1. Test each condition in (1) in contact with a Pro (Cβ under 7 Å, 6 or more places away or on another chain); (2) open to solvent by less than 70 Å² (accessible area, probe 1.4 Å) for residue 56 and report the one that comes out false.
2. What do you reckon, is residue 130 at pLDDT 90 or above and either closer than 25 Å to residue 5 by Cβ or not charged (D, E, K, R) (or both)?
3. Out of the residues in segment 91-120 that are loosely packed, with under 14 Cβ neighbours inside 10 Å, within 30 Å of residue 138 (Cβ to Cβ) and of a type outside the set (A, V, I, L, M), state the one that is nearest to the chain's Cα centre (by Cα).
4. Can you find a residue in segment 16-33 that is open to solvent by less than 70 Å² (accessible area, probe 1.4 Å), modelled with pLDDT of 90 or more and farther than 20 Å from residue 167 by Cβ?
5. Determine which single condition residue 83 fails, assuming it passes every other condition in (1) within 15 Å of residue 151 (Cα to Cα); (2) surrounded by 18 or more Cβ atoms within 10 Å (Cβ to Cβ); (3) not β-branched (Val, Ile, Thr).
6. Residues being open to solvent by 60 Å² or more (accessible area, probe 1.4 Å) and touching a residue at least 40 places away in the same chain (Cβ under 8 Å): count how many of those fall in segment 68-80.
7. Just to be sure I understand the filter: pairs with C-beta atoms under 7 Å, separated by 6 or more residues or on different chains, first member in segment 47-59 and of a type outside the set (D, E, K, R), second member open to solvent by 90 Å² or more (accessible area, probe 1.4 Å) and at pLDDT below 95. Which pairs pass?
Amino acid sequence: MRTMIAELITAILLSILFVYMILVTLYESYVHPFAVMFSVPVALVGALLGLALTGYTLSMFSMIGILILMGLVTKNGILLVDFTNQMRREGRGHDDALREACPVRLRPILMTSVATIAGAVPAALAMAAGGELRIPMAIAVIGGVIVSTLLTLLVVPCFYSVAEDWRGILGRDRSNNMIAGIK
């Protein structure tokens with residue numbers, strides 16, 4: 001059991017590193033992936049809170065649910081940051097871009113989150129034979145998606161805005177920005 005948990009923790013850490021590396025190449029920035037990745041701890045809190053409220057423990061199945069959850073949560077952040085960067089390439093400042101990106105991306109984020117929760121409810125209710133084993137996985141996913149959806153809509157834009165403000169304070173030349181066309 002200890003070996004299995006150690007391997008799952010290693011898989012989670014490697015997946016975080018892998019997602020970060022992909023986001024660095026996607027955004028051509030070392031800072032913007034942190035805005036997306038900042039939502040992962042929020043999702044972890046939601047998953048652990050969901051398990052605690054329902055009385056389930058951290059098990060192999062719940063850790064697999066957390067691994068699944070990481071992909072779902074980063075998707076929400078990617079939708080938001082990618083659209084914000086698109087607005088920035090059109091010449092908008094980061095605050096204006098965030099003000100436009102958040103309401104526009106709210107609907108797709110909510111739709112995928114609600115669909116994920118609805119898809120996990122049958123597993124959480126153990127409606128199939130042998131479904132009792134999958135309950136912790138479904139609860140981890142449901143709890144993490146609920147909390148991360150609500151908080152990601154606040155955390156990601158705030159982190160993005162603070163990171164951009166710090167880049168300005170530190171005197172980074174805007175013409176040297178890694179995102180092509182941002183002025």
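The values are calculated or read from the model by the stated rules, or taken from the named source; none is laboratory data. Predicted model, so just to flag it, every value in this text is computed and none were measured. Cβ: placed from backbone, ideal geometry, glycine included. Neighbour counts: every protein chain shown. Areas reflect the complete protein model, heavy atoms only, side chains present, ligands, DNA and RNA absent. Shrake-Rupley method; radii C 1.70, N 1.55, O 1.52, S 1.80 Å.
1. Unmet condition: (2).
2. It is false that residue 130 is at pLDDT 90 or above and either closer than 25 Å to residue 5 by Cβ or not charged (D, E, K, R) (or both).
3. 107
4. No: zero hits.
5. Here residue 83 meets the rest and fails (1).
6. Within segment 68-80, residues that are open to solvent by 60 Å² or more (accessible area, probe 1.4 Å) and touching a residue at least 40 places away in the same chain (Cβ under 8 Å) number 1.
7. Taking only residues 6 or more apart or on different chains, the pairs are 51/57; 51/58.
Listed here are the residues, each with its yes/no results for (1) at pLDDT 75 or above; (2) in contact with a Phe, Trp or Tyr (Cβ under 6 Å, 6 or more places away or on another chain); (3) part of a loop (DSSP other than H, G, I, E, B); (4) among the small types (Gly, Ala, Ser).
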position: 135; (1), (2), (3), (4): yes, no, no, no
position: 142; (1), (2), (3), (4): yes, no, no, no
position: 151; (1), (2), (3), (4): yes, no, no, no
position: 155; (1), (2), (3), (4): yes, yes, no, no
position: 160; (1), (2), (3), (4): yes, no, no, no
position: 172; (1), (2), (3), (4): no, no, yes, no
position: 175; (1), (2), (3), (4): no, no, no, yes
position: 183; (1), (2), (3), (4): no, no, yes, no
